[in-house]
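Peer 1: Starting off with a structure, shown below.
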């Protein structure tokens, strides 16, 4: 993950950089609003951490200018001015989230990860395995020219497998990834849904080769 930190308090900026680099992130830091804006426009970042009060160009102006140029990089705004009016102005200018100083680093990290996931979820693309195609912009799944109707969970499981084509996952790992926030999941739920998918994308196409594979003793994969 690549992060841009625009913060004129050098100690805070450098501490953020050090902490994020320990989490294996790539971090660019600038202490000036104009320099930060130039970097934000010319480089691609997963998240921008932006102070409100900056020399050269303040955070609100940076937000507005980036959005006017079509830059949709998630922005987390930092400021010591934590009153409601400041938060509202920051969000209205184009910021995606807001964190007041002083802050806990673990909360900062959690917010960065949440913003990065939000950005990833907005990216629409197609996944293809052989002649099976999953289109995340239309939620359509086709094998050859035939549209395959899937339930919401069948779709989610297939999307996960296709994103990770060729990798093997146990039924427990699949349950954790696809049903991660559901507490009433049975241990064989993923196995049952693998069966549903096989019926729809393999058994329904007897002249095509099977795409979902069982690796005995390890789990399942699609290739």
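Peer 1: Kindly provide the helix-only [θ] at 222 nm of the chain, computed as the sum of -39,500 (n - 2.57) over DSSP H runs of four or more divided by all residues, to the nearest 500 deg cm²/dmol?
Peer 2: -12500 deg cm²/dmol
Peer 1: Now a separate question. On a 0 to 90 degree scale, rounded to 10, what angle separates helix 59-68 from the longest Cα axis of the chain?
Peer 2: 50 degrees
Peer 1: Could I ask something else about it? Measure nothing fancy, just the Cα-based angle from helix 10-22's long axis to the longest principal axis of the chain, in degrees from 0 to 90, nearest 10.
Peer 2: 20 degrees
Peer 1: Set the Förster distance to 25 Å, then compute FRET efficiency between residue 207 and residue 170 from the Cβ-Cβ distance, nearest 0.05.
Peer 2: FRET efficiency, residue 207 to residue 170: 0.25.
Peer 1: For Cα pairs less than 8 Å apart in space and 6+ apart in sequence, what is the mean separation divided by the residue count of segment 126-222, i.e. the relative contact order in percent?
Peer 2: In percent, rounded to a whole number, it is 26.
Peer 1: Now a separate question. Specify the inter-centroid distance of segment 192-209 and segment 1-37, based on alpha-carbon positions, in whole Å.
Peer 2: If you average the Cα positions of each part, the centres end up 48 Å apart.
Peer 1: While we're looking at this one, here's another question. Taking the Cα of residue 188, stepping 7 Å toward and past its beta carbon, and measuring to each backbone N in segment 155-172: which are under 14 Å?
Peer 2: 171-172
Peer 1: Continuing with the same structure: In whole percent, what relative contact order does the chain give with Cα contacts below 8 Å and a gap of six or more residues?
Peer 2: 12 percent
Peer 1: So, one more: Among DSSP beta bridges lying fully in the chain, give the percent that are antiparallel, nearest 5.
Peer 2: On the way: 16 of 33 bridges.
Bridges in the chain are about 50 percent antiparallel.
Peer 1: Between (i) 20.1; (ii) 17.8; (iii) 16.7, which matches Kirkwood radius over Cα pairs in Å calculated for the structure shown?
Peer 2: (i)
Bear in mind that the values in this text are calculations on the coordinates, not laboratory data. Computed from a prediction, not measured in an experiment: that's the story for all the values here. Cβ atoms come from the backbone with ideal geometry, glycine included; neighbour counts cover every protein chain shown.
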